[in-house]
Structures are given as structure tokens and as C-alpha cells.
Amino acid sequence: MEVDGRPTVALQRALYGHQTAIFWAHFFDKLGLRLVLSPPTNAHISQMGIESVMAETCYPVKVSYGHVRELMGKTAYLFLPTIINMQTPVDKEAGFYCPMSQSNSYMMRAAFATDPDRTLTPVVHFKYDPETLGLEIWEQIGPKLRKGKAEVRKAVYHALERQDQFKKELIRKGLEIFQEVKAFEPVLLVTGRPYNLYDERLNLRLGQNLAKLGLVALPMDFIDSSAVDLSDFPSMYWGLGAQILRTAKYTVAHENYFGLHLTNFSCGADSFIEHFYKHIMGDDPYLILELDEHSAVAGVMTRLEAYKNVIENSMQKLRNCGGMPKEKSDWRIEYFGKY
Ligand code: SF4
């Protein structure tokens, strides 16, 4: 219940947990508490999730049941926030999380009859300015944790700064990798959601398998796509959907970059976003991997090997044309002045 004399707060290493853990770790640390994450997804957690789920959902939501069940009763507090939206590069974008992620807290409380005195369930809008965000969080958890308004406000500013530093570090690392790429070496830009991209059970060790095939690949968070214009998708409702489409545009603007989109069966958001992704990719090769609890590494490898052949053929054509891979000079390039 305590680590180093600090009360512990449990956060699931699933869904929004992957994207916001840095923020919450620093937020609670500043308040004198200690954030504890569930272990990386393993067979046991996956199975517990599948057994606990109360209605048919996508695999990431099933897995989140397993993570929360794993954490039950092990910490002073269980943290089940309802995160409504995320920061967006353009202010007028909605930046919503998918409803299955937004409603996760309610699903967990219903499934596991959590103790209200030991469960923190704030509704959080990351698109709010820091002052409003601080007030929003304080109103909902400040009294329970016996923390004052000013203390919570300070913790929010501190956590936002640390999260921003972390994002910048990812992009710096991405640039470093791009600089090491040789001429005519293809690069895969992998889109998806953090709970797929960074969970080796959900993505079936995609990163390791691409490396085994000798392919350089970068997840979308390592690319600064914030300057990519998305005004031709004015109603893009989802924050991560917008990031996926921006990365797709960034991909097609470079001749030696190739798209790989990671998704899940039963993903409502991607039933729309995949169409937009394909539209942006146009005639360029791309691979969409749709996985769930029944998928196996062997099947994924077959598809990756086939895609590698397609990529090699494309690169061969490029070599035959002479010259170096470059940014394409079609209509899309106007969006990429910064690059
Ligand atoms: S975006 Fe798709 S995969 Fe993610 S929680 Fe929503 S439905 Fe599931």
C-alpha cells in the first residue's frame, strides 16, 4: 500500500495508461504519492481480461480488464480516470479519445465493484488550459487525497512540463534515427495507438520482427507531424486518428518512407480511419495489420515478409530511375514546407 512511505496509486498499463503514464507519474509524485503500473501484458493478464469482459469489445479493451483485475487490492488507491480528450496541434481539433477508452472507468467499476473510497475516478480534459485542468482535477480528487488547490495546480504544471520533455525526447530520438538511414534505405512509419504500438503482446513483437527482417521502422510518436495540414479532414473527431492521418501524409511525401498501420478487429474508430488512411496512401504501397487475441506471430511474419518484397521492388524502381530518394513533388508536398 506504500512505497518509500508514500501511498501508492495504481494505473493500468493499457489504453490511455500508455500515453499518459508520464504525466500521472510526475503528478502523483509531486503530491507525495507513488504511481504503480500493472506489469506488461502477459498471457495471464490477457486471459483474465478475456474472462472478465462483460460485452464484446476490441482486444485492447479486453486486455485492460486483465490489467485492472491484476491491480485490484494491491495499492492504496486505484486510479480509473475518464480521459475525454488529448492536446492537439491545432486548437479547433476535437482530439477526443475513442468512446470505448473514455468509458473504460465505468466498465471497470461495474465489472469489479471497486471500493469508492479507494478509487479515484476524475473526468479529465487534457485540452483544457493548465489552470482549468488543475481545477478540474482538484475538484474531483483533491479532497479525497487531502491536497489543496494550489498543490494540485502546481503538480499539473510540473507533470505537463515533464510530459512535454518526454515527447520532445522521442522526436529527438526519431531525428537521430532518420539521420542514420542510408540513401535508398526504406523506412517504415508505423501508425496505431500507443496501447498497440508499445505493448509487445498486442503487437506480437512487431518491432523485433521488423528488425529481424532488417527493416528500419519508427512508431508515429517519434515523428513530429504536428505541422502537417489536416484541413482536408475537418471533422476528424479523434486525437489519435488525426495523428495517424498526419503521419500517413508525412509518409507519402517521402519516396523511401512506407506506411504500416496497426489496428484491431472490432475497432470502431478505425472502421472510418482506415478508409482515410488508404485514400492518403493512394497508389503507394502500405500494410494494414489487424490483430486480436487469436492472431499469431507466424501469420504476421508472412505478411511482413510479403510487404518487405513489395518495398524492395519499389526501391529497385527508384534506383532504376536514378537520383536519390526525395520528397515527392505532387500536390501533397505543399503541406510539408517545414520538412
Ligand atoms: S480506438 Fe479502437 S482499438 Fe482503441 S479502444 Fe477504441 S475501439 Fe478499441
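The values are calculated or read from the model by the stated rules, or taken from the named source; none is laboratory data. Model, not experiment: these values are computed from the prediction. No Cβ is skipped: glycine too gets one built from the backbone with ideal geometry, and neighbour counts run over all protein chains shown. The accessibility values were calculated without ligands, DNA or RNA, using every heavy atom of the protein model including side chains. Shrake-Rupley method; radii C 1.70, N 1.55, O 1.52, S 1.80 Å.
List of remarks:
- Qualifying residue in region 14-28 (condition: within 16 Å of the ligand (Cβ to nearest atom), open to solvent by less than 10 Å² (accessible area, probe 1.4 Å) and either more than 18 Å from residue 101 (Cα to Cα) or assigned to a loop (DSSP other than H, G, I, E, B) (or both)): yes
- Selection from region 37-60 of residues that are touching a Leu at 6+ places or on another chain (Cβ under 7 Å) and either within 16 Å of the ligand (Cβ to nearest atom) or open to solvent by 10 Å² or more (accessible area, probe 1.4 Å) (or both): 37, 41, 59, 60
- Of all residues in region 235-253, at least one satisfies being without any contact (Cβ under 8 Å) to a residue 12 or more places away in the chain, closer than 26 Å to residue 126 by Cα and not assigned by TED's automatic domain parsing to the domain that holds residue 49.
Listed here are the residues, each with its yes/no results for (1) touching a residue at least 24 places away in the same chain (Cβ under 8 Å); (2) part of a loop (DSSP other than H, G, I, E, B); (3) touching a Lys or Arg at 6+ places or on another chain (Cβ under 8 Å).
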residue	(1), (2), (3)
55	no, yes, no
64	yes, no, no
69	yes, no, no
78	yes, no, yes
88	yes, yes, yes
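- Look at (1) more than 18 Å from residue 15 (Cα to Cα); (2) open to solvent by less than 60 Å² (accessible area, probe 1.4 Å); (3) free of Cβ contacts under 8 Å to residues at least 60 places away in the same chain and you find that residue 84 fails only one, number (1).
- Residue in region 286-304 that is surrounded by fewer than 17 Cβ atoms within 10 Å (Cβ to Cβ), farther than 30 Å from residue 50 by Cβ and modelled with pLDDT under 95 present: no
- The set of residues in region 256-285 being open to solvent by 50 Å² or more (accessible area, probe 1.4 Å) and away from the ligand (no atom under 13 Å from the Cβ) consists of 275, 276, 278, 279, 283.
- Unmet criterion (only one of (1) charged (D, E, K, R); (2) more than 30 Å from residue 316 (Cβ to Cβ); (3) at pLDDT 95 or above) for residue 176: (2)
- Only one of 105, 101 that is at pLDDT 95 or above, under 22 Å from the mean Cα position of the chain (by Cα), under 30 Å from residue 227 (Cα atoms) and open to solvent by less than 60 Å² (accessible area, probe 1.4 Å): 101
- Selection status of residue 160, at pLDDT 95 or above and within 30 Å of residue 259 (Cα to Cα): no
- Where residue 309 falls short, out of the listed (1) open to solvent by 70 Å² or more (accessible area, probe 1.4 Å); (2) modelled with pLDDT under 95; (3) polar (S, T, N, Q): (2)
Table: residues versus (1) among the hydroxyl-bearing types (Ser, Thr, Tyr); (2) within 18 Å of the chain's Cα centre (by Cα); (3) at pLDDT below 95; (4) closer than 18 Å to residue 180 by Cβ.
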position	(1), (2), (3), (4)
207	no, yes, no, yes
218	no, yes, no, yes
228	no, no, no, no
241	no, yes, no, no
